[in-house]
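*Asks:* Quick one: structure below, then a few questions.
The values are calculated or read from the model by the stated rules, or taken from the named source; none is laboratory data. Here the structure is a predicted model, which is why all the values come from computation and not from measurement. Methodologically, a virtual Cβ is constructed for each residue, glycine included, from the backbone with ideal geometry; neighbour enumeration extends over all protein chains shown.
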Amino acid sequence: MPDVKGLTIGVLGGTGPLGGGLARRFAAAGLSVVVGSRDAAKGARIADEILADVPGGAVTGTDNAGAAAQADVLVVAVPYKGHAELLLGLAGPLAGKIVVDAVNPLGFDKQGPYPLEVPEGSAAQQAAALLPGSRVTAAFHHVSAPLLNDLSVPELALDVLVLGEGEDREATEVVQALAELIPGVRGIYAGRLRNAGQVEAFTANLIAINRRYKAHSGIRVTDV
């Protein structure tokens, strides 16, 4: 795995539960982190909250455009509803950078969560179509936000499935290495972006499991 300790990680949607949790864990691992938000002041506030949990950490907050410009690797952790509009507006500053799409297109009704249809096939494929100049990957779909945000939990016993294009294996290896900075986590290569749809959709099953068993379920890949 490549050495990723010198990278600056930006989290678009870093004020949400998943984005904030990833920012918190990356900061605890010693990475420089930029928390992005629609509102720069909110991004700065969440950065201050993370610094309260990670004294001496390198965390700043700004708007999403500022995070896209400042970071080497960007994690997209925004609601699916605003996914396309956000990325379309950031295609310029995201060009040439590794973009990690962590968006789960889900709907909710009285029967529980269910996957939404995405014209491109998945949120990750939509990101790739909107960001032709970026190195788009997909990961972190199945990580519990409450566990990420609770640094008193020493290890997260789960695997992170990482998808990307085969000709850019370096990008997926960088994301795998980032995942493994979170104690207890393994980054597992899980195929090309065309397979991201079922990975995103499986999150609905995990949410149903969590509701039934009052748990924070994840996944483990055996024999790897």
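*Asks:* Please list, ordered by first then second residue, the pairs with beta carbon atoms under 6 Å, 6 or more apart or interchain, first in the range 77-106 and closer than 27 Å to residue 177 by Cβ, second loosely packed, with under 14 Cβ neighbours inside 10 Å.
*Replies:* What qualifies is 95/133.
*Asks:* Considering the range 1-54 alone, what residues qualify as being of a type in the set (S, T, N, Q) and either within 20 Å of residue 86 (Cβ to Cβ) or modelled with pLDDT under 95 (or both)?
*Replies:* Correct list: 8, 15, 37.
*Asks:* So, in the range 11-69, exactly how many residues are assigned to a helix (DSSP H, G or I) and among the hydrophobic types (A, V, I, L, M, F, W, C)?
*Replies:* The qualifying residues number 18.
*Asks:* Working only within the range 198-224, note down all residues that are out of contact with any strand residue (DSSP E or B) (no Cβ under 8 Å at 6 or more places or on another chain) and not hydroxyl-bearing (Ser, Thr, Tyr).
*Replies:* 198, 202, 205, 206, 209, 210, 212, 214, 215, 216, 223
*Asks:* Also, quick follow-up: Is it fair to say residue 52 is over 26 Å from residue 155 (Cβ atoms) and aliphatic (A, V, I, L, M)?
*Replies:* Values: over 26 Å from residue 155 (Cβ atoms): no; aliphatic (A, V, I, L, M): yes.
So residue 52 does not fit the description; no.
*Asks:* Do you know which of the residues in the range 118-130 that are in a loop (DSSP other than H, G, I, E, B) and without any contact (Cβ under 8 Å) to a residue 12 or more places away in the chain is surrounded by the fewest Cβ atoms within 10 Å (Cβ to Cβ)?
*Replies:* Here is the first cut: in the range 118-130, the residues in a loop (DSSP other than H, G, I, E, B) are 118-122.
In the following step, the residues that additionally are without any contact (Cβ under 8 Å) to a residue 12 or more places away in the chain were identified as 119-120.
On the way: 119: 8, 120: 16.
The extreme case among them is 119.
*Asks:* While we're here: So, residue 109, is that one at pLDDT 95 or above, closer than 20 Å to residue 180 by Cβ and acidic (Asp, Glu) or not?
*Replies:* No: the conditions fail for residue 109.
*Asks:* Also: Might you let me know whether the range 167-177 holds any residue that is touching a residue at least 40 places away in the same chain (Cβ under 8 Å), under 18 Å from residue 1 (Cα atoms) and over 16 Å from the mean Cα position of the chain (by Cα)? Lay out the reasoning, then the answer.
*Replies:* Taking the range 167-177 as the starting set, the residues that turn out to be touching a residue at least 40 places away in the same chain (Cβ under 8 Å) are 170-171, 173-177.
Checking which are under 18 Å from residue 1 (Cα atoms) leaves us with 170-171, 173-177.
Narrowing further to those that are over 16 Å from the mean Cα position of the chain (by Cα): 170.
Yes: the range 167-177 contains one or more residues that are touching a residue at least 40 places away in the same chain (Cβ under 8 Å), under 18 Å from residue 1 (Cα atoms) and over 16 Å from the mean Cα position of the chain (by Cα).
*Asks:* When you look at residue 168, is it in contact with a Lys or Arg (Cβ under 6 Å, 6 or more places away or on another chain) and more than 19 Å from residue 13 (Cβ to Cβ), yes or no?
*Replies:* Numbers: in contact with a Lys or Arg (Cβ under 6 Å, 6 or more places away or on another chain): yes; more than 19 Å from residue 13 (Cβ to Cβ): yes.
Judged against the criteria, residue 168 is a match.
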